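To start, the structure under review is shown below, and the notes come after it.
The values are calculated or read from the model by the stated rules, or taken from the named source; none is laboratory data. These numbers were taken from a predicted model, which means no experiment stands behind them. Cβ placement follows ideal geometry from the backbone for every residue including glycine, while neighbour counts extend to all protein chains displayed.
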Amino acid sequence: MHILYIHQHFAVPEGSTGTRSYEFARRWVEAGHKVTTVTGYYDIGGLTSGRKFRRRLDIEGINVVIVGTKYGNKQSFIRRIVSFLSFCILSVFAGLRTKNVDIIYATSTPLTVGVTAIILKWLKKVPYVFEVRDQWPEIPIELGIIKNIIAKNLLLRLEKTIYKRSSAIVALSPGMANGIKKIIDDRPVEVVPNCCDVDVFTPDIDGSAIRQKHKWGDKLVLLHFGAMGRANGLDFVIDAADRLEDNPDIHFVLAGGGGAKKKLTERIVKLGLNNIEIIDSMPKRELATLVAACDVAMVIFANYSILENNSANKFFDSLSAGKPVLLNYSGWQREILEHNYAGFGCDLCNLEQFVEKVLYLNSHRKQLARMGQNARRMATEDFDRDKLAAQVLSLLEEQRKKNKN
């Protein structure tokens with residue numbers, strides 16, 4: 001089977017973002033299938049940008065076609081829209097040049113990859129499965145990024161059309177699946193959450209050198225790593241640090257980059273806080289050592305209820321590293337964490353509850369190892385990449401057979 005994998009933000013381990021598409025594609029190649037991935041340049045994706053407008057790479061058997069579109073987390077809203085539209089156009093041409101395709105797997109965001117999938121479906125007469133990583137356009141609408149009523153209606157109509165034209169849909173969380181079913185109920189929707197990099201993030205990594213470098217000593221170090229944007233709401237962590245300033249044995253760390261990083265840094269300086277610091281983003285394998293150095297991993301989102309349906313990579317990387325996880329929200333992740341005694345959640349952005357959980361973790365240091373062991377067990381048993389990649393592959397094979405019949 002030849003799978004055409006469309007993902008604008010395809011990333012490899014040398015980058016500093018999620019590698020779900022890379023991990024799935026290489027496993028499908030190992031299973032004997034041909035995979036062609038059409039992607040653009042993502043500033044933290046690990047693919048070095050060349051001078052050619054169109055490049056082909058062989059990455060562990062994956063035929064990677066890179067078109068000239070560039071995207072970065074620091075781009076303005078308008079530049080991001082231009083990036084999405086240009087990739088949509090260029091990916092159609094790249095897809096048309098890809099021969100003997102049996103099925104298309106298009107993964108969002110952005111939502112516009114669904115337009116590419118629809119056009120290629122018509123022209124190549126093959127089905128596509130659409131993967132929903134984030135609910136678009138619902139998220140930018142709720143965050144107030146998209147305010148124009150005409151734009152809202154057009155994007156919501158586009159979303160419904162993409163779902164309707166697909167053969168099946170993959171959702172990364174139960175909440176996303178429920179949201180999709182409210183829009184369209186005549187397509188199969190399968191939940192395949194993000195996966196755990198159990199070979200990259202492990203409890204065996206020694207993070208003592210990093211603790212020594214940053215002079216963390218015996219402090220309880222709580223780490224949030226990843227993007228720093230509006231949706232992440234990292235001012236919440238600064239608020240928590242401000243509240244806990246009189247507890248010298250508790251320290252917060254934010255690692256990553258994005259549009260909000262400068263303002264976050266300025267606010268920490270303005271408040272004169274010494275119990276929180278910001279570290280630059282780093283490649284994934286280096287990041288694994290930083291995660292090993294912390295005591296508790298945090299996953300933080302802004303005060304928008306739709307974000308509780310997330311399936312953020314950092315959550316699964318933290319489980320893989322064998323770290324207790326602390327959320328500032330509820331939803332399906334809080335439920336499984338607390339059920340397995342691998343961490344805690346809170347009512348969405350409830351600072352009082354969050355601070356209470358931090359104090360609990362600080363006063364129950366002996367329980368952290370047990371919670372970390374439970375987290376690692378969840379990673380290997382419930383979110384293993386081999387199992388979840390095989391689940392999606394089975395769905396693709398099923399939809400291909402239906403198309404042939």
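Could you pull out the residue among T98, T109 that is under 22 Å from A25 (Cα atoms), surrounded by fewer than 21 Cβ atoms within 10 Å (Cβ to Cβ), in the same structural domain as T19 (by TED's automatic domain parsing) and touching a Leu at 6+ places or on another chain (Cβ under 6 Å)?
Testing whether each residue is under 22 Å from A25 (Cα atoms), surrounded by fewer than 21 Cβ atoms within 10 Å (Cβ to Cβ), in the same structural domain as T19 (by TED's automatic domain parsing) and touching a Leu at 6+ places or on another chain (Cβ under 6 Å) leaves just T98.
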Exercise for the section: Would you check if there is a residue in region 255-271 being at pLDDT 95 or above and within 18 Å of C346 (Cα to Cα)? Expected result: no
Practice task
May I ask you to list pairs of residues, at least six apart or on different chains, whose Cβ atoms are under 7 Å apart, with the first in region 209-227 being in a helix (DSSP H, G or I) and the second being surrounded by fewer than 18 Cβ atoms within 10 Å (Cβ to Cβ)?
Solution key: I210/T289
Fill in the blank from the handout: Exactly one of V200, V237 is closer than 20 Å to D317 by Cβ and either in a strand (DSSP E or B) or not assigned by TED's automatic domain parsing to the domain that holds A292 (or both), and that one is V200
Handout entry: Residue that is nearest to the chain's Cα centre (by Cα), among those in region 306-323 that are assigned to a helix (DSSP H, G or I), closer than 19 Å to N340 by Cβ and not polar (S, T, N, Q)
Key = K314
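When the residues of region 283-305 are narrowed to those that are of a type in the set (A, V, I, L, M, F, W, C) and either at pLDDT below 90 or outside any helix (DSSP H, G or I) (or both), which ends up surrounded by the fewest Cβ atoms within 10 Å (Cβ to Cβ)? Lay out the reasoning, then the answer.
The first filter runs over region 283-305 and keeps only residues of a type in the set (A, V, I, L, M, F, W, C), leaving 287-288, 290-294, 296-302.
Checking the rest, the ones that are also either at pLDDT below 90 or outside any helix (DSSP H, G or I) (or both) come to 294, 296-302.
On the way: C294: 26, V296: 25, A297: 27, M298: 27, V299: 25, I300: 24, F301: 22, A302: 20.
In this case the residue turns out to be A302.
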Exercise for the section: Mind counting the residues in region 311-339 that are among the hydroxyl-bearing types (S, T, Y), within 20 Å of G256 (Cα to Cα) and surrounded by fewer than 24 Cβ atoms within 10 Å (Cβ to Cβ)? Expected result: 0
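Being among the basic types (K, R) and closer than 24 Å to Y128 by Cβ is the filter here, so list the residues in region 146-162 that pass it.
R157, K160
Go through region 353-384 and report how many residues are within 16 Å of E190 (Cα to Cα) and assigned to a helix (DSSP H, G or I). Spell out the reasoning first.
Restricting attention to region 353-384, the residues satisfying the condition of being within 16 Å of E190 (Cα to Cα) are 382-383.
Keeping just the survivors that are assigned to a helix (DSSP H, G or I) gives 382.
Residues that pass the stated criteria total 1.
Is it true that G272 is of a type in the set (G, A, S) and either surrounded by 17 or more Cβ atoms within 10 Å (Cβ to Cβ) or within 26 Å of L172 (Cβ to Cβ) (or both)?
No, not satisfied.
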Handout entry: Long-range neighbours under 9 Å by Cβ, at least six apart or interchain, first residue touching a residue at least 40 places away in the same chain (Cβ under 8 Å) within region 242-255, second in a strand (DSSP E or B) and aromatic (F, W, Y)
Key = L244/F252; V253/F225
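How many residues, within region 1-15, are part of a strand (DSSP E or B) and touching a helix residue (DSSP H, G or I) at 6+ places or on another chain (Cβ under 8 Å)?
Let us first name the residues in region 1-15 that are part of a strand (DSSP E or B), namely 2-6.
After this cut, where a residue has to be touching a helix residue (DSSP H, G or I) at 6+ places or on another chain (Cβ under 8 Å) as well, the list is 3-6.
Qualifying residue count, region 1-15: 4.
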Exercise for the section: Only helices (runs of 4 or more DSSP H) wholly contained in region 90-186 count here; list those with 3 or more residues that are closer than 27 Å to N63 by Cβ and in contact (Cβ under 8 Å) with a residue 40 or more places away in the chain. Expected result: 113-124
Problem - Selection within region 16-50 - touching a helix residue (DSSP H, G or I) at 6+ places or on another chain (Cβ under 9 Å) and over 23 Å from M282 (Cβ atoms) - result: F24, A25, R27, W28, A31, H33, K34, V35, T36, T37, V38
